Amino acid sequence: MMAEALAFLGVCALVICTPGPDTALTVRNSLIAGRRVGVLTAAGIAAGQMVWTVAASVGIAGLLQASQPAFAALKIIGAAYLVFLGAQSILAAIRGVHRNEQRLVRTPELAPWRAMRQGLISNLANPKMAAFFLSLLPQFVSPTSGSFAVFVPLGLVFCLMTFGWLSIYAAVLDRIGAILHKPRVRRTLDAVTGTVLVALGVRLATQTRS
């Protein structure tokens, strides 16, 4: 039992620490409006993962993965959303629309509730999450136990680990905010994070099902 728990935590840590759309979005929003918004973005992402956990436990995620049209539609929606968010950052970098750049003051350009919603939508619109939870969680579920009763606690652990890891990004970016919010650095980071989001969106759209 202890070995299985450590194996599960190890796999979760490896997956969570590997940068992807969730990390890029958290970094983007933290740069835009600070630590609180970054943490709320992470909370939205974790909430989306919890929805996928429940969906996997009751079979909904399996039905989605089995349906080629539904899987493809959700993939396109998720990819388009990532490209949209990335394009916003790139345009901000190009236009230099940061009115308080000269004072090095962080301008709250993203409402907290909107940041949380972005995290939630970004995670829910990623069909790869369905495949992930369907492939990871069953490996740690005993055939004799109820799937829902075991899936949910395991999924909750994964969600909390994700929230904690992404919150660290927000905290670190907040600590070095004075440097990151210099005009030239800020525009560069906007361009980089925007490009990463667009690239991740394009990759999601062009990936074939495994």
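The values are calculated or read from the model by the stated rules, or taken from the named source; none is laboratory data. All figures in this text were calculated on a predicted structure; none of them were measured in a lab. When we count neighbours, we look across all protein chains shown, and the Cβ atoms used for this are built from the backbone with ideal geometry, even at glycine. Remember, those area values only see protein heavy atoms, side chains included, never the ligands or the DNA or RNA. Shrake-Rupley method; radii C 1.70, N 1.55, O 1.52, S 1.80 Å.
Okay, here's what the table says:
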{"read-out": "Residue within the stretch 135-144 that is among the hydrophobic types (A, V, I, L, M, F, W, C), modelled with pLDDT under 75 and buried (at least 20 other Cβ atoms within 10 Å of the Cβ) present", "value": "yes"}
{"read-out": "Search result, residues across the stretch 166-204 that are small (Gly, Ala, Ser), closer than 13 Å to Ile94 by Cα and open to solvent by 30 Å² or more (accessible area, probe 1.4 Å)", "value": "Ala191"}
{"read-out": "Filter result for Phe163 (modelled with pLDDT of 75 or more, open to solvent by less than 50 Å² (accessible area, probe 1.4 Å) and of a type in the set (Phe, Trp, Tyr))", "value": "no"}
{"read-out": "Qualifying positions in the stretch 18-54 - surrounded by 24 or more Cβ atoms within 10 Å (Cβ to Cβ) and charged (D, E, K, R)", "value": "Asp22, Arg28"}
{"read-out": "Condition broken by Leu154, with the remaining ones in (1) open to solvent by 30 Å² or more (accessible area, probe 1.4 Å); (2) at pLDDT 80 or above; (3) within 22 Å of Val37 (Cα to Cα) satisfied", "value": "(3)"}
{"read-out": "Residue list for the stretch 56-106, filter: closer than 24 Å to Val39 by Cα, surrounded by 15 or more Cβ atoms within 10 Å (Cβ to Cβ) and at pLDDT below 65", "value": "His98, Glu101, Arg106"}
